[in-house]
1. Run lengths n ≥ 4 of DSSP H only: what is the helix-derived mean residue ellipticity at 222 nm for the chain, with -39500 (n - 2.57) per run over all residues, to the nearest 500?
2. Through the Karplus equation 6.51 cos²θ - 1.76 cosθ + 1.60, θ set to phi - 60°, convert the phi angles of the range 22-30 into ³J(HN,Hα) values in whole Hz; use x for Gly and Pro.
3. Which part of the range 1-41 falls in the paramagnetic zone of residue 57, meaning amide N under 18 Å from the point 7 Å along Cα-to-beta-carbon?
4. With a cap of 15 neighbouring Cβ atoms within 10 Å, and only residues DSSP puts in a loop, list the trypsin sites (Lys or Arg not before Pro) found in the range 8-70.
5. Of all alpha-carbon pairs in the chain, indicate the percentage at a distance above 21 angstrom.
6. If the chain between residue 64 and residue 38 were fully stretched, how many nm would it gain, using 0.36 nm times the residue separation less the Cα-Cα distance?
7. In nm, what is the difference between 0.36 nm times the number of residues separating residue 6 and residue 25 and their Cα-Cα distance?
Amino acid sequence: MKRIIKGDTTLSHLVIAHAAIDCHAKSYGLHRQGWPSTYLIKYQNDRVAVEVITRRQSYVATLMIGARNLSKLCGIPS
């Protein structure tokens, strides 16, 4: 399955995103499509929340770093 990482793409954040996708794949595999799961990953004394969603042909990991766009929280298209 393809891995798509959204957000900051520094090396440490890529490691965190891949660790979250590995946890998600171990827990759910190809099941639970379309429902987001949030993982709190600790890496080098830093904890980052990652949202992982299983799609038909990919895993999508979104790093939750900094402020989020309010339109995504309210469901209002931008």
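1. Values: 2 runs with 23 residues, N = 78.
Result for the chain: -9000 deg cm²/dmol, rounded to the nearest 500.
2. Per residue, the Karplus-derived 3J(HN,Hα) values read 4, 5, 5, 5, 5, 6, 10, x, 9 Hz.
3. Hits in the range 1-41 for residue 57 at 18 Å: 1-5, 30-31, 33-34.
4. On the way: sites: 26, 32, 42, 47, 55, 56, 68; in loops: 32, 55, 56, 68.
Loop-located and lightly packed - 32, 55, 56, 68.
5. Details: 818 of 3003 pairs.
Distances greater than 21 Å cover 27 percent of the Cα pairs.
6. Details: separation 26, 0.36 × 26 = 9.36 nm, distance 0.95 nm.
Value of the extension gain: 8.4 nm.
7. Values: separation 19, 0.36 × 19 = 6.84 nm, distance 1.75 nm.
Contour length minus the Cα-Cα distance gives 5.1 nm.
We did not get these values from a lab; they are worked out from the coordinates using the rules stated. Everything numeric here is computed off the predicted structure, so don't read it as measured data. Don't worry about glycine lacking a Cβ; one is built from the backbone with ideal geometry, like all the others, and counts go over all protein chains shown.
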